Amino acid sequence: MIERTKTLSAGLALVVMLAASASAHAQQKSIAGTWTMSIEGMTLSMALEQTGKKIEGTLESPHGLIRVKGEFDGGMLTLAGALEGGAHELEVSVKGAHQTDGTLAGAMTTSVGDMKWTASRN
């Protein structure tokens, strides 16, 4: 009887730990919020909204606001967008990954060149 109680207690403890771990993992899946993005000497503000895997947001560039859409799945981020209006045409494609320290990092392809970037949540 005592052995069975120990086994049940150990099983219950395992279930509680797994539930807590799943809850923490679910919270980490959201990248919604405001981020400071550093790209080769420039600092941009990135605001993201997330619904499931879908991401929508904006990048504030020196040339104006860039609206982006994409996906965040399995820790990987993909975004694409273009500068709206203004004197400069600029298309961007962003790929990156959620890092273990909570930051984002990746590469951005634009109509004026390719760059590496990092971002920290504000």
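The values are calculated or read from the model by the stated rules, or taken from the named source; none is laboratory data. None of the values given here were measured: they were computed from a predicted structure. For neighbour counting, all protein chains shown are included, and Cβ atoms are generated from backbone atoms with ideal geometry for every residue, glycine included. Remember, those area values only see protein heavy atoms, side chains included, never the ligands or the DNA or RNA. Shrake-Rupley method; radii C 1.70, N 1.55, O 1.52, S 1.80 Å.
How do the peptides 30-39, 97-106 rank, highest first, by the average count of neighbouring beta carbon atoms within 10 Å per residue?
The packing order, highest mean first, is 30-39, 97-106.
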Which whole-Hz couplings ³J(HN,Hα) result when phi for each residue of segment 50-57 is put into the Karplus expression 6.51 cos²θ - 1.76 cosθ + 1.60, θ = phi - 60°, listed in order with x for Gly and Pro?
10, 10, x, 8, 6, 10, 9, x
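Solvent-accessible area per residue for segment 68-119 at a 1.4 Å probe radius, Å²?
57 Å²
Report, for segment 53-122, the % of DSSP beta bridges that are antiparallel, rounded to 5.
Bridges in segment 53-122 are about 100 percent antiparallel.
Quick one: if the Förster radius is 25 Å, what FRET efficiency do Lys69 and Glu40 give, using the C-beta to C-beta distance and rounding to 0.05?
0.60
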Residue pairs, from the table Lys29/Lys116; Lys54/Lys95; Lys53/Lys116, whose Cα atoms sit over 19 Å apart:
Lys29/Lys116; Lys53/Lys116
Excluding ligands, DNA and RNA, the carbon-plus-sulfur percentage of the accessible area of segment 75-122 with a 1.4 Å probe reads 53 percent
